[in-house]
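Notes for the one structure printed next.
The values are calculated or read from the model by the stated rules, or taken from the named source; none is laboratory data. Keep in mind that what you see is a predicted model, and the values were worked out from it rather than measured. Because the Cβ atoms are built from the backbone with ideal geometry, glycine has one as well, and the counts that use them run over all protein chains shown. Surface accessibility is based on the protein's heavy atoms, side chains included, excluding ligands, DNA and RNA. Shrake-Rupley method; radii C 1.70, N 1.55, O 1.52, S 1.80 Å.
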Amino acid sequence: MKKLLLMGNPNVGKSAVFSRLTGISVVAANYPGTTVEFTQGSMNIEGEEALLIDVPGTYGLEATSKAEEIAVDMLKEKEGEVVINVIDATNLERNLHLTLHLLEQNIPMIIALNIWDDAKHKGIEIDVKKMEKELGVPVVPTVGVTGEGCKDLVSRIREATNPKVAERSEEERWKETGRIVDEVQLLKHRHPTFLERLGDASVKPITGIPIAAMVMFASFKIVRYIGEGLIGNVFEPLFDKLWLPLMTQLSSVLQPGSFLHAVVIGKLIDGEIDFGQSFGLLTTGLFIPIGAVMPYVFAFYLVLGFLEDFGYLPRLAVLMDKIMHRMGLHGWAIIPTLLGLGCNVPGVLACRVLEDRRQKLIASTIICIGVPCVALQAMVWDLLGDHGIGYVGIVYLALFVSWVILGWVMNSVFKGTSPQLIMEIPPYRLPSLYTLGKKLWMRMLGFVKEALPIVLLGILIVNVMYYLRVFDVIADFTAPVITRIWGLPKDSVMALAMGFLRKDVAIGMLGPLSLTAKQLTVAATVLAMFFPCVAAFAVLVRELGVKDMLKSVLIMLISSIVVGGALNVVM
Amino acid sequence: MVKERIPLTDMNAGESGKVIEFLGGAGMRKRLSSMGIRAGGKISKVSSAFKRGPVVIKVGASQTAIGHGMSCKIMVEVDR
């Protein structure tokens with residue numbers, strides 16, 4: 001089978017083209033380094049099946065990060081390969097430099113001249129025919145996000161060829177690039193657009209910092225507003241009016257007191273089903289992920305998706321660079337951190353773009369400790385919000401302070417220097433509703449597919465363990481830390497143990513324990529910090545390796561004991 | 001026009017010039033060069049964060065942010 005490699009500089013729209021050609025959805029965004037793993041899918045070229053690989057973006061063929069390494073390694077196999085070189089038409093010179101280098105590798109190639117629509121708007125005229133002649137390979141103008149030109153691209157893949165050029169030196173390559181650009185490109189002078197001026201304003205400190213504060217505040221407000229609105233107006237009524245009568249009937253059929261009733265419906269609170277406290281598979285097991293968490297997942301990814309595609313995140317990275325240096329990182333690390341606010345799994349994965357092992361260790365550890373995922377946050381709002389917004393504020397503050405201090409401590413303790421930020425700042429682009437919607441849908445689907453089974457499994461385990469009284473043994477064993485240091489009742493150990501599986505269920509389990517507001521605050525903070533959930537743990541092992549993972553976990557345990565203890569004393 | 005040779009960090013926002021040399025190692029030079037920032041290339045400065053923050057420059061059509069430490073080592077000839 002033919003293997004097609006989609007290659008090019010970061011942030012030129014490879015993932016969008018990939019989605020169009022294979023029909024497989026992948027997460028694309030407007031910042032360099034969205035794709036850190038390669039995705040592959042099959043596509044049809046005039047009746048023939050071919051394998052298309054979405055390769056992480058690279059500036060050169062000498063890798064400077066793990067993600068780039070993947071790209072360069074993939075090129076070495078050569079057997080039956082065709083490269084589809086995706087280039088950004090608005091940035092011909094830098095893109096062509098990689099193109100020339102790729103041509104020297106003696107692999108058949110075709111060029112997708114992407115972001116063609118933006119180039120036209122920007123007054124950039126490119127003579128495609130001339131470009132084909134200069135480079136000796138087919139060139140097809142495309143617009144990945146709308147799919148324009150993608151059919152032409154597919155129909156011309158057969159024409160992919162290699163002009164067999166000798167290896168050039170870096171200097172010669174730049175010279176040749178400059179010559180070709182002068183031949184094929186015509187720039188029309190024009191005034192900067194509003195988006196361009198806004199783009200510049202958001203990296204200059206004087207205007208950028210107020211803009212950043214406004215963006216963060218507005219994002220937070222919008223997520224809260226949509227999340228709360230969906231819960232109050234859609235999901236709670238759905239559960240109460242439609243699902244509750246069904247479950248009440250089922251409850252009488254199953255007979256309260258039977259094992260099956262305990263597992264499926266759970267405990268009755270004052271003779272009735274309580275979706276927050278009953279803890280049966282079909283009651284709390286469905287309510288937590290769908291009724292309480294999903295509305296926030298939706299709201300969060302709606303806002304994040306917009307910021308990603310608009311191109312805001314790299315600008316935030318520039319503004320945060322100096323602060324992140326204090327933590328041994330550089331500004332780019334703010335992007336995994338923000339992703340971590342949705343779910344720690346993509347957060348840790350995104351750390352792959354960071355250049356060295358030390359940075360990856362610091363960034364992933366402080367994400368797992370100080371960055372609560374949206375599922376945990378939703379449950380904290382749900383449970384602690386009733387006691388007053390101040391308590392929710394304390395949880396956020398405790399986590400934020402731990403994030404900063406731990407970063408700073410790890411930077412001082414682990415020897416090494418933090419590399420410098422080098423990052424392309426993409427232009428602001430108005431996101432298309434189609435791509436935004438598609439990305440949101442994918443992330444929602446991912447949440448339901450990954451969260452729901454683990455939530456249900458967790459609740460099943462809890463019910464069985466309650467039934468077998470296993471928790472009593474663990475409770476006695478862990479009592480010193482839990483009661484003496486954190487000031488929590490012994491039976492909260494079940495919730496903490498559940499934290500290994502899923503944080504939202506764990507916080508939910510605190511509900512029936514009738515804790516004080518202070519105890520809830522401590523427990524929520526500890527749950528956020530002390531250990532990643534099983535999904536995040538799995539990527540942590542994979543990305544850091546066993547040795548660094550052990551270091552990371554040790555730091556998590558110690559800091560949760562310290563911070564939980566401190567809150568218990570101070571509050 | 002008088003040409004002055006200064007590190008990128010000393011250039012004012014809005015000014016343009018030509019990169020003359022990199023005082024850093026080969027690794028830094030290669031990385032910058034693959035992003036289009038190379039000796040002889042024209043650049044203009046978009047902004048710099050106050051106190052040791054990154055510098056944002058424009059090369060061709062694209063903008064690149066470069067950490068302060070590295071920006072100190074990029075020598076430019078400014079058009080003044």
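In the range A:141-149, is there at least one residue being assigned to a helix (DSSP H, G or I) and either touching a helix residue (DSSP H, G or I) at 6+ places or on another chain (Cβ under 9 Å) or under 27 Å from A:Met1 (Cα atoms) (or both)?
No: zero hits.
Any residue that is open to solvent by 20 Å² or more (accessible area, probe 1.4 Å), touching a strand residue (DSSP E or B) at 6+ places or on another chain (Cβ under 9 Å) and either closer than 22 Å to A:Gly347 by Cβ or assigned to a strand (DSSP E or B) (or both) - is there at least one of those in the range A:9-19?
yes
Have a look at A:Leu440, A:Leu433 and point out the one that is open to solvent by 30 Å² or more (accessible area, probe 1.4 Å) and more than 14 Å from chain B (Cβ to nearest Cβ).
Step by step, each of A:Leu440, A:Leu433 is checked, and only A:Leu433 is open to solvent by 30 Å² or more (accessible area, probe 1.4 Å) and more than 14 Å from chain B (Cβ to nearest Cβ).
Check A:Ser202, A:Ser155, A:Ser219 and return the single one that is in contact with a helix residue (DSSP H, G or I) (Cβ under 6 Å, 6 or more places away or on another chain), hydroxyl-bearing (Ser, Thr, Tyr) and more than 14 Å from every other protein chain (Cβ to nearest Cβ).
A:Ser219
Within the range A:71-88, which residues are farther than 18 Å from A:Ala28 by Cα and part of a helix (DSSP H, G or I)?
A:Val72, A:Asp73, A:Met74, A:Leu75 - these are the residues of the range A:71-88 that are farther than 18 Å from A:Ala28 by Cα and part of a helix (DSSP H, G or I).
Kindly indicate whether A:Gly23 is surrounded by fewer than 24 Cβ atoms within 10 Å (Cβ to Cβ) and more than 29 Å from A:Ser169 (Cβ to Cβ).
Considered against the rule, which asks whether it is surrounded by fewer than 24 Cβ atoms within 10 Å (Cβ to Cβ) and more than 29 Å from A:Ser169 (Cβ to Cβ), A:Gly23 comes out as yes.
Only one residue in B:Met35, B:Met11 is farther than 22 Å from A:Thr58 by Cα, in contact (Cβ under 8 Å) with a residue 24 or more places away in the chain and crowded, with 20+ Cβ neighbours inside 10 Å, so which one is that?
When all the criteria are applied, what remains is B:Met11.
Exactly one condition in (1) within 14 Å of another protein chain (Cβ to nearest Cβ); (2) open to solvent by less than 20 Å² (accessible area, probe 1.4 Å) is false for A:Ala63; which is it?
Single failed check for A:Ala63: (2).
I want to confirm something. Restricting to the range B:38-80 and keeping residues that are within 21 Å of A:Ser202 (Cβ to Cβ) and charged (D, E, K, R), which single residue is surrounded by the most Cβ atoms within 10 Å (Cβ to Cβ)?
The extreme case among them is B:Lys45.
Filtering the range A:296-339 down to residues that are open to solvent by 20 Å² or more (accessible area, probe 1.4 Å) and in contact with a Phe, Trp or Tyr (Cβ under 7 Å, 6 or more places away or on another chain), which residue is nearest to the other protein chains (Cβ to nearest Cβ)?
Among them, the one singled out is A:Arg326.
Quick grid of which residues meet (1) assigned to a helix (DSSP H, G or I); (2) among the hydroxyl-bearing types (Ser, Thr, Tyr); (3) outside the structural domain of A:Val318 (by TED's automatic domain parsing); (4) open to solvent by 90 Å² or more (accessible area, probe 1.4 Å):
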{"position": "A:Lys164", "(1), (2), (3), (4)": "no, no, yes, yes"}
{"position": "A:Glu167", "(1), (2), (3), (4)": "no, no, yes, yes"}
{"position": "A:Lys175", "(1), (2), (3), (4)": "yes, no, yes, yes"}
{"position": "A:Pro210", "(1), (2), (3), (4)": "yes, no, no, no"}
{"position": "A:Met214", "(1), (2), (3), (4)": "yes, no, no, yes"}
{"position": "A:Phe217", "(1), (2), (3), (4)": "yes, no, no, yes"}
{"position": "A:Val223", "(1), (2), (3), (4)": "yes, no, no, no"}
{"position": "A:Glu228", "(1), (2), (3), (4)": "yes, no, no, no"}
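Assess whether A:Val395 counts as being touching a helix residue (DSSP H, G or I) at 6+ places or on another chain (Cβ under 6 Å), more than 14 Å from every other protein chain (Cβ to nearest Cβ), assigned to a helix (DSSP H, G or I) and of a type in the set (Val, Ile, Thr).
yes
Given the condition in the same structural domain as A:Gly123 (by TED's automatic domain parsing), of a type outside the set (Gly, Ala, Ser), closer than 25 Å to B:Gly41 by Cα and not in a strand (DSSP E or B), answer yes or no: does some residue in the range A:36-49 qualify?
no
Name the residue that is farthest from the other protein chains (Cβ to nearest Cβ), counting only residues in the range A:416-426 that are over 15 Å from B:Val55 (Cα atoms) and open to solvent by 40 Å² or more (accessible area, probe 1.4 Å).
By that ranking, first place goes to A:Gly416.
So, restricting to helices (runs of 4 or more DSSP H) that lie completely within the range A:247-366, which ones have at least 1 residues that are more than 21 Å from A:Asn463 (Cα to Cα) and either among the hydrophobic types (A, V, I, L, M, F, W, C) or touching a strand residue (DSSP E or B) at 6+ places or on another chain (Cβ under 6 Å) (or both)?
In the range A:247-366, the matching helices (runs of 4 or more DSSP H) lie at A:294-310, A:313-326, A:334-340, A:344-350.
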